[in-house]
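To start, the structure under review is shown below, and the notes come after it.
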Ligand SMILES: [Zn+2]
């Protein structure tokens, strides 16, 4: 991939975000550094970075996308109530490998799972 200053700023924005931002949220941050950038340019670059496997594109059940740092060690939990995505480290599921292997016979290297429900905060409201 050819170097581009715009893409570099977009990438750094994703890498320094811990809240799984949408393209619009990334656009708002990038705009502070590159005022004349368009939302379309941000979209295009996010897609290129995701296609190249440099960042992760997460498809939401409502058809929207969010972006994240590329980490195989996290799965995601989506809270229907507060519309937030939370990380669930894969270490919580290490037994799943054994269960799948024993019951179905598949060997798992990576999982990339979206759990949907109500988070702890919202349950306590
Ligand atoms: Zn919640």
Check your understanding: Looking at residue 100, is it surrounded by 14 or more Cβ atoms within 10 Å (Cβ to Cβ) and within 16 Å of the ligand (Cβ to nearest atom)?
Key -> no
Revision key, fill the gap. Conditions (1) in contact with a helix residue (DSSP H, G or I) (Cβ under 8 Å, 6 or more places away or on another chain); (2) surrounded by fewer than 17 Cβ atoms within 10 Å (Cβ to Cβ); (3) farther than 30 Å from residue 97 by Cβ -> residue 16 fails only (1)
Check your understanding: Across region 60-73, what is the number of residues that are within 21 Å of residue 119 (Cβ to Cβ) and away from the ligand (no atom under 16 Å from the Cβ)?
Key -> 7
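Conditions (1) under 19 Å from residue 25 (Cβ atoms); (2) away from the ligand (no atom under 16 Å from the Cβ); (3) in a strand (DSSP E or B), marked per residue:
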| position | (1), (2), (3) |
| --- | --- |
| 58 | yes, yes, yes |
| 75 | no, yes, yes |
| 88 | no, no, yes |
| 92 | no, yes, no |
| 96 | no, yes, no |
| 106 | no, yes, no |
| 110 | no, yes, no |
| 115 | no, no, yes |
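Read the figures in this text as sums done on the coordinates, not as results from a lab. Model, not experiment: these values are computed from the prediction. Positions of Cβ are backbone-derived with ideal geometry, glycine not excepted, and every protein chain shown enters the neighbour counts.
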